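S.K.: Just passing along the structure, written as structure tokens.
The values are calculated or read from the model by the stated rules, or taken from the named source; none is laboratory data. All values reported here derive from a predicted model rather than from experimental measurement. When we count neighbours, we look across all protein chains shown, and the Cβ atoms used for this are built from the backbone with ideal geometry, even at glycine.
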Amino acid sequence: MVLQSLSRVLSYDYKGPKASFSQAHVLKALLVIGEEGSIGRGKLGQILDVGPGEVRTLIKRLRQSDLIRIETDGCSLSRSGLRQFRSVSKVLPWRSPVIAESLGLGDACFAVLVRGRSSKVRKGIEQRDAAVRSGAIGALTVLYRKGHFRVPSESEDCERTGPSEPWITIRQAKPKDRDTIIVSGADDTLQAEYGALSAALSII
């Protein structure tokens, strides 16, 4: 349902240059608008790091998809958009920058927790590739099982065999059995976040 909504935003016919934003941009926009309640076009563009033309196109398509409504003080979620926001917030209950230099993923790292989707993860390669396609340097996918963080197909406890970070920070998210944690790295935090969101979208 969530993926269908994001795909619909990207699929609308647009006369002019092709929009450069991705599903990760649309997902972040939905999350930002839902968390802010109402937000102006300029501020949304700054948060997403897209230009004025791109943010206008994104807002237009979000409105065409009945995900937002435009008001005098900015845009806010419609009823349909609010349902989508609540749905995706249950699947992605936590996301945050993390300290993870030891993972060798880049100068800046960002982690997302994907609730109850570990059965959709194979070896984690698909998530890494999705992150890299979005501009990240790399990504690590970890499954949470019986109180431990483990890389798919491996039995080692990441928390016991390596540095304490980023696991100390991730534990603050209160992961549950069969959750998936994706840590993405890039040259800057925003790009790392887009990498993590792109990777998460591959299992939502």
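S.K.: If the requirement is being buried (at least 21 other Cβ atoms within 10 Å of the Cβ), at pLDDT below 95 and closer than 22 Å to Gly195 by Cα, which of these qualifies: Leu58, Leu10, Leu3?
M.R.: Leu58
S.K.: May I pose another question? Mind counting the residues in segment 166-192 that are of a type outside the set (Val, Ile, Thr) and in contact with a helix residue (DSSP H, G or I) (Cβ under 7 Å, 6 or more places away or on another chain)?
M.R.: Residues meeting the conditions: 6.
S.K.: Which of the residues that make up segment 170-204 are buried (at least 24 other Cβ atoms within 10 Å of the Cβ) and without any contact (Cβ under 8 Å) to a residue 12 or more places away in the chain?
M.R.: none
S.K.: Also: Go through segment 70-80 and report how many residues are modelled with pLDDT of 95 or more and buried (at least 16 other Cβ atoms within 10 Å of the Cβ).
M.R.: Matching residues across segment 70-80 total 4.
S.K.: Answer yes or no: is there a residue in segment 24-36 that is farther than 26 Å from Pro93 by Cβ and within 19 Å of the chain's Cα centre (by Cα).
M.R.: No - not one qualifying residue is present in segment 24-36.
S.K.: I'm checking my understanding of the structure. Among residues of segment 24-46 that are assigned to a helix (DSSP H, G or I) and among the small types (Gly, Ala, Ser), which one is nearest to Phe110 (Cα to Cα)?
M.R.: Ala24
S.K.: Can you tell me which residue among Ile182, Ile168, Ile137 is within 18 Å of Gly106 (Cβ to Cβ) and out of contact with any Ser or Thr (no Cβ under 7 Å at 6 or more places or on another chain)?
M.R.: Ile137
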